[in-house]
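Here's the structure, in structure tokens; my notes come after.
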Amino acid sequence: MKKPFIFLLLFFIQFVNSQELALVKKNGKFGYLTKEGTFRIEPKYKSAKSFSEGLAAVEDNGKWGFIDAKEAWAIPATFDNVKDFNSGICIVSKDKKWVYINTKGEVQTAPSSDKLYDFGDGVAFIKQGNKIGLINSKMAIVLEPKYDVIKPFENGFARVKNGNYWGIINTAGKEVVETTYDEVGNYFKTTTWARKDKTFGLVSGGKFIPVEGADKIWDFESQDLTYARKGGKIGYIDLKGNWAILPIYDKGKAFSKNLAPVCVGSKWGYINPKAEFIIPPTYSDAEVFSTNGLAPVKEKNWGFINETGKLVIPTQYSITANGFVIALFVQQDKGFIDGLARVKNEGKWGFLKPDGTVLGNQWFENAELFSQTKEKNTINEIATEKPKTETKSVTKPVTKSVNKKK
């Protein structure tokens, strides 16, 4: 009779704690605030940056390094200048030389380039002579330099230019829209707006579809309608290039939550996709709805309404729709972002909750948007068994550049 045997089964369980922290300035020092309104890291740094990919750049005795969310030094402060991490890579300067490092602080050797560019969507530009190409975070060339211009990637796509003509590529360097257009927009559901000579239209499936009478088209955002101009008036077109809402408004902005801000004369209100006014035009300015169903509106100052038009936060705050306070990248990010809105009141910055109360009842000299931190934790667990049969174990990324030398 065979003796039963004991074996050790070692489990490695790794999980990620993710917390959002905001860089704020209080009493002349920078620290990091939680969404509960308490300090995760007390204000103590003369200079600091927001968290990016789990690390935040802070200055210590005139040098820059990176801390994690527990305020432990992940990369010692030995650099003269630093950028932000993206795709696991950051540009840093030391001894007047710019290089790439990874999250361990190890220098990464990149292909030859006249400048170093920030990573985004897993790729970065390389420049050789007058041409631009792409590398990935492993420092391998994805696209040999061949374009005169490559714009920053958005959701995996970027506008490119050769000569006088524009197209669109993906992060693999493949053209999804040929470089044959005088202008192109963003890439949304395999469609973009474009201009050929003086004609504006949409490009879908490699085919150019003119939009009747349009003399300008804005980017598609979160819905299948975007605004366009005809004869000085704003209307809305669909992904097939049809006028879904006739151009009768003086100004307009993107749809979100099936509502779009439009201006008649000097007053703003909100229409639905049937061109019906759900919220009458009574405001001096208005922004798109956030995902939580609140939108910034302006009388003398800014407040917030819900989708029925009810003013839920009084118009007593300052915000900047296209500047410091509000994100520039996508219109639906204006106002409330992940449950909080950054506002200014009497010269101080703070965060509003949807009920109108101020996070932590605190105001700051400066406040940046919340960004995620990631902390990896590993649990080792040892179990013993007396198996009767064999068992199988299953184990369950605005682009800036810097010169290499300064």
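The values are calculated or read from the model by the stated rules, or taken from the named source; none is laboratory data. All values derive from a computational prediction rather than experimental measurement. Virtual Cβ from ideal backbone geometry, glycine too; neighbours counted across all protein chains shown.
Among all positions in region 360-372, there is at least one residue which is among the charged types (D, E, K, R), modelled with pLDDT of 95 or more, more than 28 Å from ARG159 (Cα to Cα) and surrounded by 10 or more Cβ atoms within 10 Å (Cβ to Cβ). Looking at region 226-249, which of its residues are in contact with a Phe, Trp or Tyr (Cβ under 6 Å, 6 or more places away or on another chain) and among the hydroxyl-bearing types (Ser, Thr, Tyr)? Within region 226-249, THR226, TYR227, TYR236 meet the criteria. Do we find that SER284 is at pLDDT 95 or above, within 24 Å of LYS353 (Cα to Cα), surrounded by fewer than 22 Cβ atoms within 10 Å (Cβ to Cβ) and over 25 Å from the mean Cα position of the chain (by Cα) in this structure? Criteria met by SER284. Annotation note: of ALA77, ALA57, the sole residue that is surrounded by fewer than 18 Cβ atoms within 10 Å (Cβ to Cβ), in a strand (DSSP E or B), aliphatic (A, V, I, L, M) and in contact with a Gly (Cβ under 9 Å, 6 or more places away or on another chain) is ALA77.
When region 247-267 is filtered for residues that are part of a loop (DSSP other than H, G, I, E, B) and of a type in the set (S, T, N, Q), the ones remaining, listed by number, are ASN258, SER266.
Going by what's in this entry, would LYS230 be described as among the basic types (Lys, Arg), touching a Gly at 6+ places or on another chain (Cβ under 7 Å) and surrounded by 15 or more Cβ atoms within 10 Å (Cβ to Cβ)?
In short, yes.
Return the residues of region 95-107 that are modelled with pLDDT of 95 or more and closer than 17 Å to PRO76 by Cα; say none if nothing qualifies. Passing the criteria: TRP98, VAL99, TYR100, ILE101, ASN102, THR103, LYS104, GLY105, GLU106, VAL107. Taken over region 333-357, residues that are of a type in the set (A, V, I, L, M, F, W, C), in contact with a Leu (Cβ under 8 Å, 6 or more places away or on another chain) and over 17 Å from GLU20 (Cα atoms) amount to 1.
Within region 345-365, residues that are under 19 Å from ASN301 (Cβ atoms) sit with their Cβ atoms under 8 Å from residues that are of a type in the set (Ser, Thr, Tyr) and crowded, with 17+ Cβ neighbours inside 10 Å, at 6+ positions apart or across chains, in these pairs: ASN345/TYR317; LEU352/TYR317. Under 9 Å between Cβ atoms, which residue pairs at least 6 apart in sequence (or on different chains) link something in region 219-247 that is farther than 15 Å from TYR270 by Cα and modelled with pLDDT under 95 with a partner that is in a strand (DSSP E or B) and of a type in the set (Gly, Ala, Ser)? Final answer for the pair search is GLU221/SER256; SER222/SER256. In region 268-290, of all residues being assigned to a loop (DSSP other than H, G, I, E, B) and not hydrophobic (A, V, I, L, M, F, W, C), the one that is farthest from ILE319 (Cα to Cα) corresponds to LYS274. Scanning region 116-170 for residues that are more than 22 Å from LYS196 (Cα to Cα) and aromatic (Phe, Trp, Tyr), we see that the one that is nearest to the chain's Cα centre (by Cα) is PHE153. Mind listing just one residue for me: the one in region 171-190 that is among the hydrophobic types (A, V, I, L, M, F, W, C) and under 22 Å from ASP215 (Cβ atoms) and, of those, nearest to the chain's Cα centre (by Cα)? Only one residue fits best here, namely PHE188.
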